[in-house]
Every structure is written in C-alpha cells, then in structure tokens.
Amino acid sequence: MVEPILEVSGLVKHYPLTQGILLRKQVGAVRAVDGVDFTLNKGETLGIVGESGCGKSTVAKMLVNLERPTAGSIKYKGEDITKLSGRALKAVRRNIQMVFQDPYTSLNPRMTVGDIIGEPYDIHPEVAPKGDRRRKVRDLLDVVGLNPEYINRYPHQFSGGQRQRIGIARGLALRPEVIVADEPVSALDVSVQAQVINLMDRLQNEFDLSYVFIAHDLSIVRHISDRVGVMYLGRMVEIGRDTEIYDHPTHPYTQALLSAVPVPDPEAREHRERIILTGDVPSPTNVPSGCRFRTRCWKAQERCALEAPPLAVPSRFGEASGPEAHDCACHFAEAVS
Ligand SMILES: Nc1ncnc2c1ncn2[C@@H]1O[C@H](COP(=O)(O)OP(=O)(O)OP(=O)(O)O)[C@@H](O)[C@H]1O
Ligand SMILES: [Mg+2]
C-alpha cells in the first residue's frame, strides 16, 4: 500500500536581494525555490536531480527546517510542519534528518567521532540516556560498517567514504523515518560512491527509511530511486517512476540531461541522439516569463513565453494520476524511448 510520508505543495523560498551596505534596500529576490510540489511515500526513495543552482539544497533545508519557506506547505504524515513550533516541532524534526554533501567540511574536526555521532542526543536525551550513549554510538558505527573501536578518533583520521559513513551514522542516531540526503556522494571518488549508495540502500531496508536523495545527475540516483523528480530553475519540471523517467523522458530538459548520461550498451548508444543545450541557466533573480526552460528549449513556441505549463499528466497518458503517475510541465510534452 502506498502511504505518503511527506507531501510538499506550493513550496517557495525567495531570498531578498539587497543593495547598499548601510540601508540594505531590497531591490529584488532570488527565487531559489518557486512553487515545488511532490510526495514522498513511505519506504521509497525519491531522487531529485538538476543543475547547480536550481534549488535542490534549498528544498532539502526546508524539509529539515533549516530554512523557513516563504510560502507553501510541507506535510509530515498529514500535518503541516511549517506551522509548528516549540515541542511539537522538535518532535517532528527528530523524524526527518539530513545527510550533507561534503564529508570533509560537515564534520567538526575538533570533535571525536563518538561525540559527532552522539551530538543529536544532546537535543533529544530521551532517545539515549547518558549511560547508554556510548553503546548506542558503537552500535551505529557497526551498522554503517565502521569499527566501533574508532569511537575516539577524529574526522581527519578517516577517508572520504568513511567520513560519509560517519555522517550517515549521525543522521541515523535519532532513528528518523525520513532521511534527506543532499548530494551525499558527490564529493566522493567514483569507486567509493557505489559503496556509500549500497550502504544507504541496505540501511533503508533495515530501518524502514524513506529517502529524498539529491544529486546533480541522473546516473547517480538511478540505482537507488523508486521515483525521480527533475528540477530546473526553482521548479519541478518532470516527476515519475524511475522506469518512466529513464525509459520515456517527456520533458525536453530531462531528455537533454539523459542524453548526457553514458550508455553502456553500444547498440542503444548508436540509436540515441546527443542533445546539447545551448546558453546558460538564467539567473533566479530574473526568471523568464512563461516556461522557464524556453530560453534553452528547441521546441519553444510563442505560447511558452506567455503561459507557464503546469506540472501535470501529459495527455498521451490519458489515464489517472496517483503515485504511479508521470507528471511533466511542458506544453509540447512528447516521450522519447
Ligand atoms: N542564503 C541565500 N541567500 C541568497 N541566495 C541564496 C541563498 N541560498 C541559496 N541561494 C541561491 O538560491 C539558488 C538555489 O540554490 P541551491 O543551493 O538551493 O541550489 P542547488 O540546486 O543545491 O545547487 P548545487 O547543485 O550547486 O548545490 C542559487 O541561485 C543560490 O545562489
Ligand atoms: Mg546544493
């Protein structure tokens, strides 16, 4: 049975753009996230991909309450967590934890691994009473494949992959239900990336976790995602089951991203067209009217400048929406296979 655990709707984050040092007059806004909707179902992994600056980390920060949305709602098990404060907020935050991108800078170099992993217990002592902490931390080290004897070592004594395991252990400390992983393998060597992804895959089953897994490109999230969402300039442009996105990409931007992913099968490679996007991503302080992708799109027509396409089931599918749906925001959506 499909059961939503996070429901994001109309999510917006605008940062004020100011000028002048003393008076700091607001002259505009950075539209980092500009109306994003998606659902994360229990036990699944939603991969979110998109180019640098499209708003992925800002979405992640709002999910774990490191940033307050400008507008929109984030429901955790049906309750809008953007409206909570105090004790109720603290209780919810415990259940939604983040794993950060860069294991070299996200771990405090002056703290031991034991203190880093156990730090969340300072905020939630009810999860691990003082006398029980070290045992819990040792268990966590073991769970992520590190020797529990390393508990007194410092971050610099570990490799990049091991540090990311420490970051993951810390994310697990409070036994959350949702983990938001913001590019957890992007800073790692290719050979180590697969190990960390496999670890996260195993932990998902073991601890019944739901993941939002953010990455730059579609090849990284392929193995781990049940569904994939593609972001462009603060918006979700396409979202659907992994097989749908990879085998029948419908948005021109997704098609372009996929055409850049290497294909191992030489025959399939022959048949595939390489789409090269021209131009840069426009600035989030000055987004194009209508469809934001139109300035780089080879299908763009007059309508695209006038009307923003909604994220919806393309007409070719005909049938109902729901968790299996494949939504796309394009006036001229057409699948390629
Ligand atoms: N605190 C802030 N103040 C002003 N602008 C910000 C702030 N944080 C992010 N931005 C801007 O918002 C936009 C989205 O940033 P975000 O970090 O969410 O992108 P991203 O998709 O995670 O990029 P990357 O792939 O490089 O990590 C960018 O243009 C960024 O410069
Ligand atoms: Mg980011």
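The values are calculated or read from the model by the stated rules, or taken from the named source; none is laboratory data. Small disclaimer: the values here were computed from a predicted structure and weren't measured. Glycine gets a Cβ as well: all are built from the backbone with ideal geometry, and neighbour counts include every protein chain shown.
For the reader, a short list of remarks on this structure follows.
- Residue within segment 175-189 that is in the same structural domain as T45 (by TED's automatic domain parsing), buried (at least 18 other Cβ atoms within 10 Å of the Cβ) and over 26 Å from E7 (Cα atoms) present: yes
- If you check M98, M62, M111 for being of a type in the set (A, V, I, L, M, F, W, C), within 16 Å of ligand 2 (Cβ to nearest atom) and under 19 Å from Q164 (Cβ atoms), only one passes: M98.
- Unmet requirement for D115, which otherwise passes all of (1) modelled with pLDDT of 90 or more; (2) in a loop (DSSP other than H, G, I, E, B); (3) within 15 Å of I168 (Cα to Cα): (2)
- Number of the condition not met by V221 [criteria: (1) surrounded by 18 or more Cβ atoms within 10 Å (Cβ to Cβ); (2) away from ligand 2 (no atom under 16 Å from the Cβ); (3) β-branched (V, I, T); (4) more than 16 Å from S106 (Cα to Cα)]: (2)
- With respect to the conditions (1) among the aliphatic types (A, V, I, L, M); (2) within 9 Å of ligand 1 (Cβ to nearest atom); (3) crowded, with 23+ Cβ neighbours inside 10 Å, V30 falls short on a single one, namely (3).
- Selected residue [more than 16 Å from ligand 2 (Cβ to nearest atom) and among the charged types (D, E, K, R)] from E44, E51: E44
- If the condition is being aromatic (F, W, Y) and within 16 Å of ligand 2 (Cβ to nearest atom), then segment 1-41 contributes only Y15.
- Test: A194 is over 28 Å from R133 (Cβ atoms), more than 16 Å from ligand 2 (Cβ to nearest atom) and not β-branched (V, I, T): yes
- Residue match in segment 163-183 (condition: part of a loop (DSSP other than H, G, I, E, B), within 16 Å of ligand 2 (Cβ to nearest atom) and either touching a Cys at 6+ places or on another chain (Cβ under 7 Å) or touching a residue at least 12 places away in the same chain (Cβ under 8 Å) (or both)): yes
- Residues of segment 105-155 satisfying the condition of being of a type in the set (D, E) and surrounded by 11 or more Cβ atoms within 10 Å (Cβ to Cβ): D115, E119, D132, D139, D142
- The residues on offer are P103, P16, and the sole one that is within 16 Å of ligand 1 (Cβ to nearest atom) and in contact with a helix residue (DSSP H, G or I) (Cβ under 7 Å, 6 or more places away or on another chain) is P103.
- Looking across segment 35-53 at every residue that is within 10 Å of ligand 1 (Cβ to nearest atom) and surrounded by fewer than 22 Cβ atoms within 10 Å (Cβ to Cβ), the one that is nearest to S219 (Cα to Cα) is identified as E51.
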